[in-house]
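First the structure, in the form of structure tokens, and then the observations on it.
The values are calculated or read from the model by the stated rules, or taken from the named source; none is laboratory data. None of these values were measured; they are calculated from a predicted model. Because the Cβ atoms are built from the backbone with ideal geometry, glycine has one as well, and the counts that use them run over all protein chains shown. Remember, those area values only see protein heavy atoms, side chains included, never the ligands or the DNA or RNA. Shrake-Rupley method; radii C 1.70, N 1.55, O 1.52, S 1.80 Å.
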Amino acid sequence: MMLVGLIVLPLLGGVLALFFGRHRPTWPRWISLVTLLLDLILAVAVALFSPGGDAGLPGIPYGGPWLLQIDWPWIPHFGIHFHLAMDGLSLVMVLLTAFLGVVAILSAWTEIRERVGFFYFNLLWVLAGITGVFLALDLFLFYFFWELMLVPMYFIIAIWGHANRVYAAVKFFLFTQLSGLLLLVAIIALYFIHGEATGVYTFDYPGLLGTAMSPATAKWLMLGFALAFAVKLPAVPVHTWLPDAHTEAPTPGSVILAGLLLKTGAYGMIRFAVPLFPGAAAAFAPAAMVLGVIAILYGGVLAFAQNDLKRLVAYTSVSHMGFVLLGIFAWNATALSGVVMQMVCHGISTGALFALVGMLQQRIHTRDLSRMGGLWATAPRMGAAIMIFSLASLGMPGLGNFVAEFMVLMGSFRVSVPITAVAALGLIPAAVYSLWIVQRVMQGPNPEGWKITDLTGREMAMTGALAVVIVWLGLFPQPVLDTVSAPMHSLERISRRPEFASAPGQMPSEVTHRFSGISSPLVLPQGGKP
């Protein structure tokens, strides 16, 4: 029931916030904060006290160890189960969801003043949907939670956003809904193909793994899954909804979008798109890695070209998610572990930057970089916070993003040296736009003569907690790497299936045999121990 509790708590908290918001406008924020703190405590309890064990799935290359798992019949006539499971990958993402959920509540504390109960209802239901996505193993249930994220986030942008909020909300809805329909078609097609081949009609992920189908069919179904996840990631060229949504969303909406919603796309690729269609994914891997490199460079260059501070931070997400796409399709334990680290560290650092931009906008009522400057003298604590997370964004050693990007590049190096070399060039625009943020906002002259209040106690607690986590991940990442080590090695074993021997494009584990002199030291050992 701990897995169910992780989802039900935000749902109930949202209903309570909506109900009490009609009578006491200040109550929804406290109800939401307590709810998410309880959810975070429950997630930590799962991490510390889950029974564990290897619930590996016989006859398939990917299984456990599942830390917790429940599987209840839901609609047996259609083979639909309420199947939730948590392994190390899910655990890390659920912890990130609960933690950034608390940050989002704190960032909304004084910004949201209208229809407060309805806002926190939508925010908590978005978080419940995201948690469900990270836990669901039945594809019907996964799609249910996938769609559950969409409507509340649409309302958050459309009602509490900035000047062009309706345009941004509709664009977000159209991109994600249309790609979600492709995902639904691919899921239903896989359901019938598996049923005709085996006589068992099921949406259960373990049962669908290894479904026999023609290479052409696998290619189209894989593209249906991959495109839906690529839109949410977002990958170039289906990224254009993201800058608008980020720019117009309220601060807590931007924190959730950057920190969590984008990660559901990466998670879907790791958990579903590649394992369900390994041969098709092998053929698509070279193109996907090139798209990842394009996103790294394109997002970095466009970030530097922005004069709107929030839009600048939004384009950095396109660049950072390019590393995620590159690492996923490199598909070895080193790259995949780097991808998980990048998902976590990007969520922390970029979520913090969006929160700080929101605090700054509340004080000076503008995001125009040309009107900023010299703010360090009047708000040194805010300046220090912006500097820490800007340095994290550029991949400064000692901060978590450096570990993540370094591991992704090491893993992709085993697959393609030229692609990795070009991807590494993306670190140059990252350094430029990150230092540009610090210079334009906090240093130099103060043309407008701004005199602003520094971070309050609430804001210091929020940014301080985020800073501690990003520094801890940079100096001592081994606990996270140990947690995801077993799932990543299990996922890597998929590339040893027979499909890869005949696939038009080879997956990384096959390519590493050509680099026998360097592959051994790059592979993360089981359990993270030397």
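Which ones in the range 83-99 are more than 14 Å from W66 (Cβ to Cβ) and either among the hydrophobic types (A, V, I, L, M, F, W, C) or open to solvent by 10 Å² or more (accessible area, probe 1.4 Å) (or both)? Give the steps one after another, and end with the answer.
Filtering the range 83-99 for residues more than 14 Å from W66 (Cβ to Cβ) gives 92-93, 95-99.
Passing the criteria: V92, M93, L95, L96, A98, F99.
Somewhere in the range 248-266, is a residue closer than 30 Å to F203 by Cβ, touching a Phe, Trp or Tyr at 6+ places or on another chain (Cβ under 7 Å) and at pLDDT 90 or above?
Yes: one or more hits.
Evaluate the following for T378: is it closer than 22 Å to V293 by Cβ, touching a residue at least 24 places away in the same chain (Cβ under 8 Å) and β-branched (V, I, T)? Spell out the reasoning first.
On the way: closer than 22 Å to V293 by Cβ: no; touching a residue at least 24 places away in the same chain (Cβ under 8 Å): yes; β-branched (V, I, T): yes.
Here the answer is no, as T378 does not meet what is asked.
Taking the range 203-219 on its own, how many of its residues are closer than 19 Å to F284 by Cβ and without any contact (Cβ under 8 Å) to a residue 40 or more places away in the chain?
Residues in the range 203-219 being closer than 19 Å to F284 by Cβ and without any contact (Cβ under 8 Å) to a residue 40 or more places away in the chain: 4 in total.
For the range 63-81, indicate whether the set of residues that are open to solvent by less than 40 Å² (accessible area, probe 1.4 Å) and modelled with pLDDT of 90 or more is non-empty.
yes
Only residues in the range 152-178 that are free of Cβ contacts under 8 Å to residues at least 60 places away in the same chain count as the first member; pair them with residues that are open to solvent by 70 Å² or more (accessible area, probe 1.4 Å) and not in a helix (DSSP H, G or I), Cβ under 9 angstrom, at least 6 apart or cross-chain, and list the lot.
From residues that are free of Cβ contacts under 8 Å to residues at least 60 places away in the same chain, the pairs are I159/E114; I159/R115.
How many residues, within the range 210-229, are in contact with a helix residue (DSSP H, G or I) (Cβ under 7 Å, 6 or more places away or on another chain) and farther than 21 Å from E196 by Cα?
Adding up the residues that qualify gives 4.
Being closer than 17 Å to A431 by Cα and either among the charged types (D, E, K, R) or touching a His at 6+ places or on another chain (Cβ under 8 Å) (or both): is that true of S349 here? Reasoning before the result, please.
On the way: closer than 17 Å to A431 by Cα: yes; either among the charged types (D, E, K, R) or touching a His at 6+ places or on another chain (Cβ under 8 Å) (or both): no.
Taking the combined requirement at face value, the residue does not satisfy it.
Read through the list (1) out of contact with any Ser or Thr (no Cβ under 8 Å at 6 or more places or on another chain); (2) farther than 23 Å from M410 by Cβ; (3) open to solvent by less than 10 Å² (accessible area, probe 1.4 Å), then give the number of the only condition that T251 fails.
Of the numbered conditions (1) out of contact with any Ser or Thr (no Cβ under 8 Å at 6 or more places or on another chain); (2) farther than 23 Å from M410 by Cβ; (3) open to solvent by less than 10 Å² (accessible area, probe 1.4 Å), the odd one out for T251 is (1).
Report every pair of residues separated by at least 6 positions or lying on different chains whose Cβ atoms are under 6 Å apart, first residue within the range 440-458 and closer than 16 Å to R367 by Cα and touching a residue at least 12 places away in the same chain (Cβ under 8 Å), second open to solvent by less than 60 Å² (accessible area, probe 1.4 Å) and among the basic types (K, R).
Sorted first by the residue in the range 440-458, then by its partner, the pairs are I452/R363.
List the number of the failed condition for V200; all other conditions in (1) assigned to a helix (DSSP H, G or I); (2) touching a residue at least 24 places away in the same chain (Cβ under 8 Å); (3) touching a helix residue (DSSP H, G or I) at 6+ places or on another chain (Cβ under 9 Å) hold.
V200 satisfies every listed condition except (1).
Quickly run through the range 10-35 and pick out the residues that are out of contact with any Pro (no Cβ under 9 Å at 6 or more places or on another chain), of a type in the set (A, V, I, L, M, F, W, C) and buried (at least 21 other Cβ atoms within 10 Å of the Cβ).
I31
Mind listing whichever residues of the range 120-144 are within 27 Å of W72 (Cα to Cα), open to solvent by less than 10 Å² (accessible area, probe 1.4 Å), part of a helix (DSSP H, G or I) and among the hydrophobic types (A, V, I, L, M, F, W, C)? Give the steps one after another, and end with the answer.
Filtering the range 120-144 down to residues within 27 Å of W72 (Cα to Cα) leaves 124-144.
Remaining after also requiring open to solvent by less than 10 Å² (accessible area, probe 1.4 Å): 124, 126-139, 141-142.
Right, trim to part of a helix (DSSP H, G or I) and you get 124, 126-135, 139, 141-142.
Result: L124, V126, L127, A128, I130, V133, F134, L135, L139, L141, F142.
Could you run through the range 67-124 and say how many residues are β-branched (V, I, T) and under 17 Å from the mean Cα position of the chain (by Cα)? Lay out the reasoning, then the answer.
Of the residues in the range 67-124, the ones β-branched (V, I, T) are 70, 75, 80, 92, 94, 97, 102-103, 105, 110, 112, 116.
Then keep just the ones that are under 17 Å from the mean Cα position of the chain (by Cα); that gives 92, 94, 97, 102-103.
Final tally of qualifying residues: 5.
Out of P237, P206, report the one residue that is out of contact with any helix residue (DSSP H, G or I) (no Cβ under 7 Å at 6 or more places or on another chain), part of a loop (DSSP other than H, G, I, E, B) and at pLDDT below 95. Write out each step before concluding.
Numbers: P206 fails: part of a loop (DSSP other than H, G, I, E, B).
Step by step, each of P237, P206 is checked, and only P237 is out of contact with any helix residue (DSSP H, G or I) (no Cβ under 7 Å at 6 or more places or on another chain), part of a loop (DSSP other than H, G, I, E, B) and at pLDDT below 95.
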